[in-house]
Structures are given as structure tokens and as C-alpha cells.
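A short write-up of the structure that comes next.
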Amino acid sequence: MSNKGSALRDVLLTVARDFGTPCYVYFMDQVRERVERARLAFGNRFRISYAVKSNPNPFILRRMMALVDLLDVSSAGEVLRALETGWDPAKLSFTGPGKTEAELQTAVDVGVGEVIVESVDEAQLLNRIAGRAGGRQGVIVRIAPSRVPRGFGLNMSGKPTQFGIDEEEVDSAVRAIRSLSHLRLCGFHIYSGTQCLNPAAIVENYEIFIEIFRRVCHEHEVRAEKLIFGSGIGIPYYESDTAVDLTAIAGQTNRLLDELKSDAMLSDTELVLETGRYLVGEAGVYVSRVIRRKHSRGVDICICDGGMNHHLGAAGHLGSLIQRNYQMFKITGEDDDGPEQVYNLVGPLCTTIDTLGRQVKFRGLEAGDLIGIRSSGAYGATASPIHFISHAPPKEIIVETVRGNLLIEDGSQFGSGRGEATREPQSQ
């Protein structure tokens, strides 16, 4: 389903009527289309790993079993959630710079496919745990490149970083890790930047990955089982953003991947594209209702039933240096006439930083109207302070086509769901 036009508004009106607001609405048909687009663009050169941290909703994780190949988890909590939703632990890779001994023990106990080690110290601790269990744990070494192209919203390499082993230190680290008898080196992983909308920068980043992967594998005679490419592919949050042309990225990257696989040492290596935001981000809409409108010192303010506590990103507090408005639209009264007016949209919290939008333009906005915030499918509810001031958590609603009908289902993960579903007919 498209996130544009009256069809979207009709679904969101149904959700608000049947399940209430505030809520996140996830359109699984769009997630499915995004996965298929990635496979097609790269010609199935990559297996696809879904980064659970982007959206760990259990309903989404269950549906992902039929869509993607692997999961990237970043905590023992995500490991257990993946298992609870039916995932095979062998399909999990466990990343993150601060894994505790208890988390590493969990990974070994449940049989996680690979632990992505980000330091020699971590590898040594994991080796002791695996030794006590009487087995060998598969590991993948995360490398932090010495440079990252310009254009990434957040850089995790090219500077002092907690993520991975510095490229300059990787040779000694690989030698140390290979000496650990209870670990089995399966390959290498790089994720050096996120939220990039510049195709040239993404391609250049992959070129850096490939250069490092090839050099390290040859230097240490490692016939890698897996090489994991952190995608870094962004989505458009703001009106000025342009969506990434994945075909353009793949058109330049596929040749590089084929050259990599033509290397005799890497011909049997599995290439993995790790991504989360790109798959689910644009498939989500956050819906909030205006509960009160007031005029204060020349400014029209609309107070909504959800705010920063549910959507930290839209409020500008999730890594944004410059606060800009997410793309928003009015769900109710789409045919309203009259000139656009300017409003500040705020949430219900007792703090001035609970602001969803500044000087947002709508054709009239009154109490009872519904507002939709686009690109809300990733890093939404679970990346926000939902317990702040003890407001109720947002509902999470799953929308997907099932046997020709549109199924709308309450997939809330915070205990506020009613477990109900609504079926809406869909024309074919």
C-alpha cells in the first residue's frame, strides 16, 4: 500500500476509530516490497540480515521470517525476543560493543550463529565461556575503517570509536583471536556509517569495505564464510530529502561484488547486507490526535495526545544536530479548503522540549484532527522514553494484505494492545 493519497488516510482513519490514538501503524506490504526491491537490485548477490534494533516488534519479527535470511541482534533481550518469535538461533548474529558476560553466556547457551566480536578482550572472554561449555563459538570480527566518506548521518569509524577493532590494529587482533581454541573465525563485519542518502558515498563506502575484506582475508589466509556489509542506506525524513536510488547504488556495486567473488579465496563466501531502517522505516506512520488548540503570543499551538515520549526522533532528539520537521500530513479533512496556516505541534508532556513540529503548515487544524508523521517505522517507540511521566505507551498496529483482504491487527508490544483485528476489503 502506498503511503500517499486517500487510501492511506482511509486506513489510518479506520485504525484511529478501532484502536485509538496515539499509535504506530506499520504497513507490512511495503516492508515486503522493500525487501524484494533490495534482492532485485543486487541480483541476489547479498543475503539480507534485518537489524532488530530498528524495530523489534514481535509481529514484525515473525513476518520477517518469510522475508529475510538472517537477523542482527544487539542485546540478550533481542536474542530472546528472536527465539520467542520462532527464529532459529543459528540465523542470528550478535553485535554490540558492550556485551556483558551474562549476554555472551546467553549467546553460547542458545547457540547463536555468530557473535560479532568488537575487541580482543571480548573475544578472550567469549573464548573462556565457550570453553566452559565444551564447544567452539563462531565469531565474526568487526572492523572499524580508518575513513568514512562524507554524507553519512552518523559515522562510527574514521575516529575514536567504541565500535569494532580499528583497521590499524586489525592484523594483531586477528592473530590473537585465531589463537583462541574455543572460537572459530567465520568472517568479518563492517558497519561504519548510517542514514546516508548519497548514492556515490554509499558505493564508495562499499569499495572501502571490499578493499579491507580482501586485504585482511589474504593477509591471514582466512577463507571467510561470511562478509557482512552494514548498509548505511538512509530514508527521507524531511521535505528536502530525496529517497535513495537503490538501482543506481547496485548498478555500481554489483560489479565490485562480482570481482570480490571472483577471488579464489572468497568464491564460496556468503555476502550479507545488514539493514533495518531501509526495510521498515518508510513503512511506518505515527498517528497522533490534536486534543487542544490554543493561541499564545501570536502563535497557534496544537497539543497532541502523543509526543516526544513516543517519537523521540520526530521531536528532534535522536541524534539530530539541527531540528527539522519530519514529513507530516493531516489525516482528517483532507479536502479542507482555505489557505495554509502555521502551527507548532506539541505533545502532552510537562517539558518545553516535547515539540513534534515547529511552524508546520496545514489547511486548518482543530481539536479532534489526526496528524500522521511519515518515516516512523524505524527507531520509533522503543527508541523513545515511553515511561516518561507515565503516559500510556503507543499502540502498534500491523496492516497487511492477506488473501486479497486488508488485515488490520493490534500488534502492540507494551501491554496496551487489545488483541483485536479489523478486516477491510481491498479492491484488486
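Rule-based calculations on the coordinates, nothing more; no lab input. The structure displayed is predicted, hence computed values, not measured ones. Note that each Cβ is placed from the backbone with ideal geometry, even for glycine, and that neighbours are counted across all protein chains shown.
For the reader, a short list of remarks on this structure follows.
- Counted over the chain, the DSSP beta bridges are approximately 45% antiparallel.
- Stretch gain in nm, segment Asp300-Glu340, where the contour uses 0.36 nm per residue and the Cα spacing is subtracted: 13.2 nm
- Lysine pairs meeting the criterion (Cα under 24 Å, 8 or more apart or interchain), as found in segment 88-275: 6
- A simple spin-label model places the labels of Leu407 and His387 3.3 nm from each other, with each point 7 Å out along Cα-to-Cβ.
- MRE, 222 nm, helices only [DSSP H, n ≥ 4, -39500 (n - 2.57), over the chain, to nearest 500]: -8500 deg cm²/dmol
- Simple rule: put +1 on each Lys or Arg Cβ and -1 on each Asp or Glu Cβ in segment 282-425, find the dipole, and look at Phe414, Asn325, Ile397; the Cα lying farthest toward the positive end is Asn325.
- Rounded to the nearest 10 degrees, the angle from helix 5-19 to the longest Cα principal axis of the chain is 90 degrees.
- q = 0.08, 0.14 Å⁻¹, the chain: log10 I(q)/I(0) [Debye, one scatterer per Cα]: -0.48, -1.27
- Within straight-line cross-link reach of Lys330, aspartates and glutamates at Cα separation under 13 Å, skipping those fewer than 8 residues along the same chain: Asp10, Glu340, Glu366, Asp369
- Ascending count of other beta-carbon atoms within 10 Å, so fewest first, for Glu84, Glu225, Glu409, Glu118: Glu84, Glu225, Glu409, Glu118
- Local electrostatic count at Ala200 - Lys and Arg +1, Asp and Glu -1, tallied over other residues with Cβ under 13 Å: -2
- Rounded to the nearest 10 degrees, the inclination of helix 101-110 to the longest alpha-carbon principal axis of the chain is 80 degrees.
- C-alpha long axis of helix 199-219 to longest principal axis of the chain, angle in °: 20 degrees
- Nearest-20 debye value, the chain charge dipole, Cβ charges on Lys, Arg, Asp, Glu: 400 debye
- Label-to-label distance, Arg358 versus Thr100, with points set 7 angstrom from Cα along the beta-carbon direction: 3.8 nm.
- Placing +1 on the Cβ of every Lys and Arg and -1 on the Cβ of every Asp and Glu, with no other charges, gives segment 295-366 a dipole of roughly 400 debye about its Cα centre.
- With neighbours defined as other Cβ atoms within 10 Å of a residue's Cβ, the residues Leu80, Leu61 order from fewest to most as Leu80, Leu61.
- Lys, Arg +1 and Asp, Glu -1 on Cβ, resulting dipole of segment 11-100 about Cα centre, debye, nearest 20: 200 debye
- Relative contact order (percent, whole number), the chain, Cα cutoff 8 Å, 6+ residue spacing: 18 percent
- Intensity falloff of segment 282-425 expressed as log10 I(q)/I(0), Debye formula with alpha-carbon point scatterers, at q = 0.20 Å⁻¹: -1.28
- Rounded FRET efficiency, nearest 0.05, which uses the C-beta distance separating Arg132 from Ala243 and R0 of 60 Å: 0.75
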